[in-house]
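To keep things clear, I will list the structure first and then write my remarks on it.
The values are calculated or read from the model by the stated rules, or taken from the named source; none is laboratory data. None of the values given here were measured: they were computed from a predicted structure. FYI the Cβ positions are ideal-geometry reconstructions off the backbone, even for glycines, and counts take in every protein chain you see.
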Amino acid sequence: MKVIKVNTHQREEFIDITQEVESAVRESKIKEGVCFVFSPHTTAGITINENADPSVKKDILNHLKKLVPFSGDYSHSEGNADAHIKASLLGNSVTVLVEGGNLVLGTWQGIYFCEFDGPRRRKLYVYFLPTFR
Ligand code: ZN
């Protein structure tokens, strides 16, 4: 298992971690298999989406803000209830196939770490399951 460290700089931000995950694939020397990326955090998520036009991640963040406002009728007393909800909406893991030693992603896809309660020091776990023929 490989650990990727991510330092976030804003309360809410999407950080493209595709290169870091690809580096982990190369280090693992796995040619074919499955790559799991897991976030052990309750106020951050992981998603795969477009990495060509930056307005896409801006739209997702803005829409999530409208959907789950910072202030609301929340019970959680830490003041970050919105971040917990957004993290659950996006989920805390992604699965990507590995073929020929590379991640199998669509042309416009990137893997994003989604911070909802930053800035913080975060970490992600990357785990590989090789397939055998
Ligand atoms: Zn909390």
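Just a few scattered comments:
- Any hit, segment 22-30, residues being assigned to a loop (DSSP other than H, G, I, E, B), basic (Lys, Arg) and more than 13 Å from the chain's Cα centre (by Cα): yes
- Condition met for VAL6 (touching a residue at least 40 places away in the same chain (Cβ under 8 Å), in contact with a strand residue (DSSP E or B) (Cβ under 7 Å, 6 or more places away or on another chain), farther than 22 Å from GLY106 by Cα and more than 16 Å from the ligand (Cβ to nearest atom)): yes
- Residues of segment 95-126 satisfying the condition of being more than 22 Å from LEU64 (Cβ to Cβ) and of a type in the set (A, V, I, L, M, F, W, C): VAL96, LEU97, VAL98, LEU103, VAL104, LEU105, VAL126
- Condition check for SER39: of a type in the set (Ser, Thr, Tyr), within 16 Å of the ligand (Cβ to nearest atom), within 14 Å of ILE17 (Cα to Cα) and at pLDDT 95 or above: yes
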